[in-house]
Amino acid sequence: MATSSRPRVPVIAGNWKMHKTRAETREFFAAFLPLVARTSECEIVVAPAFTALADAVAATKDSPVMIAGQDLHWEPQGAFTGEVSAGMLVETGCRAVLIGHSERREHFGETDEMVARKLRAALEAGLRPIVCVGETLGEREGNRTEEILERQFHGAVGALTARDFSPILLAYEPVWAIGTGRTATPELAAEAHGFLRTLVATRFGREVAAATRILYGGSVKPGNIRGLMAQEQIDGALVGGASLEAASFAAIVNFREG
Ligand code: PEP
């Protein structure tokens with residue numbers, strides 16, 4: 001594999017949403033791990049459904065794959081039917097968690113304030129948060145992309161210190177590109193990433209901004225990953241549909257070989 005001149009180690013993360021049983025999870029990793037056995041210089045994260053987390057952790061035990069929750073509640077325990085805490089994710093073997101995915105915001109009424117509370121709980125538990133931000137089609141067409149990104153960014157991380165912020169991965173996911181087959185062009189994604197990096201620099205300093213990894217999410221496939229990763233501002237991908245199949249997710253992880 002060619003030595004990378006990238007300023008930051010890339011991260012390729014899969015979000016399985018409400019897909020895959022426990023058996024399907026084990027089958028996936030049996031097929032996937034050999035395909036990425038020689039992959040280096042790229043961190044791999046997979047976020048299965050809660051019910052399959054323990055199987056995913058067991059299947060990836062001696063591998064570089066990091067298992068993530070898709071969501072969490074901000075309280076450590078309590079009368080919150082259906083919810084899962086940061087401590088429960090850690091006990092199951094998770095090392096990361098998605099926070100503020102647009103499907104949580106859209107279908108479950110998740111607000112910036114809830115995202116901020118979840119983020120604090122994740123950081124306190126030692127989980128690496130992947131914080132998702134992104135504008136809808138109407139917001140983009142109304143020239144409100146930067147306003148929305150700024151609001152979501154400050155709403156989520158505004159109260160943190162630079163030290164708290166440093167483990168966080170940001171994911172720029174334009175809502176109009178998620179699950180639609182419509183990807184942002186690499187240039188358009190890089191522009192949004194550049195804007196997010198400016199927000200990080202203004203709030204936490206240039207050094208933190210230079211080290212922050214910002215993933216792109218929205219219909220990433222084996223056929224478009226190389227173009228996206230050719231942009232210096234793009235440090236990886238958050239992949240939904242194409243992460244469900246071992247060969248296509250491995251092709252994305254192995255983007256340098258494509
Ligand atoms: C996602 O779920 O975060 C996502 C980007 O999905 P897809 O890759 O299917 O658009």
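Taking K and R as +1 and D and E as -1, what net charge do the other residues with C-beta under 11 Å from the C-beta of A177 add up to?
Result for the neighbourhood of A177: 0.
Sorted by accessible area (1.4 Å probe), largest first, how do E150, E91 line up?
Result of the area sort, largest leading: E91, E150.
Order the following by accessible area, largest value first: E207, E173. Probe radius 1.4 Å; ligands, DNA and RNA are ignored.
E207, E173
Would you compute, from DSSP H runs of 4+ residues alone, the mean residue ellipticity of the chain at 222 nm, taking -39500 (n - 2.57) per run and dividing by the full residue count, rounded to the nearest 500?
Roughly -12000 deg cm²/dmol at 222 nm, from the helical runs in the chain.
Excluding G218 itself, what net charge comes from residues whose Cβ is under 12 Å from its Cβ, given Lys and Arg +1 and Asp and Glu -1?
Value of the local net charge: +1.
If you find the alpha carbon centre of the range 111-170 and of the range 216-238, how far apart are they in angstrom?
The distance from the Cα centre of the range 111-170 to that of the range 216-238 comes to 20 Å.
Can you list the residues, at least 5 places off or on another chain, whose amide H is less than 5 Å from the amide H of A171, using H built in the peptide plane?
Correct list: V131, C132, V133, L215.
Test of the criteria: in the range 14-121, which trypsin sites (Lys or Arg not before Pro) are in a DSSP loop and have at most 12 other Cβ atoms within 10 angstrom of their Cβ?
R38, K61
I need to check one value: relative contact order of the range 14-257, counting alpha carbon pairs closer than 8 Å and at least 6 residues apart, in percent.
For the range 14-257, the relative contact order is 19 percent.
Please list, ordered by chain and number, the residues whose modelled amide H lies under 5 Å from the amide H of E43; skip anything fewer than 5 residues away on the same chain.
Long-range HN contacts for E43: V11, I12.
Count the lysine pairs in the range 14-257 whose Cα atoms lie under 22 Å apart, taking only pairs 8 or more positions apart in sequence or on different chains.
For the range 14-257, the number of qualifying lysine pairs is 5.
The values are calculated or read from the model by the stated rules, or taken from the named source; none is laboratory data. On a predicted model such as this, the values are computed, not experimentally measured, just so you know. Heads up, the Cβs are rebuilt from the backbone with ideal geometry, glycines too, and the neighbour counts pull from every protein chain shown. Just the protein is used for accessible areas: all its heavy atoms, side chains included, with ligands, DNA and RNA removed. Shrake-Rupley method; radii C 1.70, N 1.55, O 1.52, S 1.80 Å.
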